[in-house]
């Protein structure tokens, strides 16, 4: 097998071979998970490979919204401190390497090659009947791949974003230096529960005995879930709204200037002031959470270094602004994968803080989203709304979405255009925005953002089945 792999690597990049191989394993993006979840499979996998997750220190991040942004921010702060850092996030927008990379970009190709040659034969030698569940899942194997890449690259600190939930997420085999939990909302209710308390319980699953946990501001009922779990595990607990005494921000198309004042808590010597490449009010709290998490585990971290790290951080598809020239259509375009009601509301708020109405909207979402609440956030300010589906792999209910938007905008139904074929809807939305001279917001799904990027940057299609695993997102 090693010889076969070596020959294949002469013909194709390692990550393409990996994705083709992964397509043979069950991907819960396309197949609903039945029965109970557990960590048995990922534990068996990591043990077989010598527990590579223990070869570096780690920071573990869960939450409903903002966890990718916080992960990028903390990874860039570690890098600004001179530490070799790895970053594991999902989904990726264009390239698989976005999931498993250094804070400043992909690892060298030889690192990926070395791990691909290791992971495939040793995984395939597992006897399915002796393996918990018969076979590992797509996401479990990607998580293992990340552990091995970080080990091969000599990473000192790995920053990990959970896929979905936390308690049974494949990343939860980590024993981190600290856990971080971002804002909680109703999401993936078919897997996590249909109340905020149930969802918070699943997210609280990443809290470990004696390990400090930093948590975003939460409603009282959610806050109590985290307090209770932290006490049970004797885990030091910090809520960001308890220590952030004042904050301010100014948004521009070039970035967002923020000021974070932690008062006399003793965690910081002075307020933090920097310009973020992220935009949106939620990013103020995300930046505070990232900074506090770093200070919790590395109290010697200098404020200027933290500011420098925060100013570098960026993830594609998180209120990503393309100028009129960059879009190629003569109008500014915002790409945002926001897909919960709360994050969508903040996306719309941020969009209209930068551009005066009217704008144009291209929207798609998965079938399990609260489209009625989402539609209300988009009911005003857009002179044209194009609804479509989020690509060819994600289950959608465009009829339900159309009904929700019609109910939310009773006075201007003529501005709603329903186009089930995303290959037609995307260029149509861009052409209409160009003709009207209106800024265009693309939102509701990372899958839609990926399809838009393919159009804008003329990239080749990616292998089927490579872009995610909704159970663990």
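Coordinate-derived values only; no laboratory data. All values derive from a computational prediction rather than experimental measurement. No Cβ is skipped: glycine too gets one built from the backbone with ideal geometry, and neighbour counts run over all protein chains shown.
Observations, loosely collected:
- In this simple spin-label approximation, residue 220 and residue 259 carry label points 7 Å from Cα along the Cα→Cβ vector, and these lie 3.2 nm apart.
- Cα gyration tensor category, rounded, prolate or oblate, for region 206-271 with a/c compared to 1.5: prolate
- Ranked 39, 441, criterion: other C-beta atoms within 10 Å, fewest first: 39, 441
- Cα shape, region 103-165, gyration tensor, a/c 1.5 rule: oblate
- Helix content alone sets the calculated 222 nm mean residue ellipticity of the chain: runs of n ≥ 4 DSSP H residues at -39500 (n - 2.57) each, divided across all residues, give -12000 deg cm²/dmol.
- Over the chain, Cα pairs under 8 Å with separation of 6+ residues give a relative contact order of 18 percent.
- Each DSSP beta bridge with both residues in region 320-472 is either parallel or antiparallel, and the antiparallel ones are about 15%.
- Beta bridge orientation in the chain: antiparallel %, DSSP, nearest 5: 35 percent
- Here the extension length gained between residue 250 and residue 195 equals 16.4 nm, from 0.36 nm per residue of separation less the Cα-Cα distance.
- Cα gyration tensor shape of region 306-367, rounded if a/c is under 1.5, else prolate or oblate by comparing a/b with b/c: oblate
- When peptides 259-267, 149-157, 61-69 are ranked by their average number of other Cβ atoms within 10 Å per residue, the highest-first order is 61-69, 149-157, 259-267.
- Sorted ascending by nearby beta carbons within 10 Å, beginning with the fewest, 206, 321, 127 become 127, 321, 206.
- Relative contact order for region 320-472, counting Cα pairs under 8 Å that sit 6 or more residues apart, in percent: 32 percent
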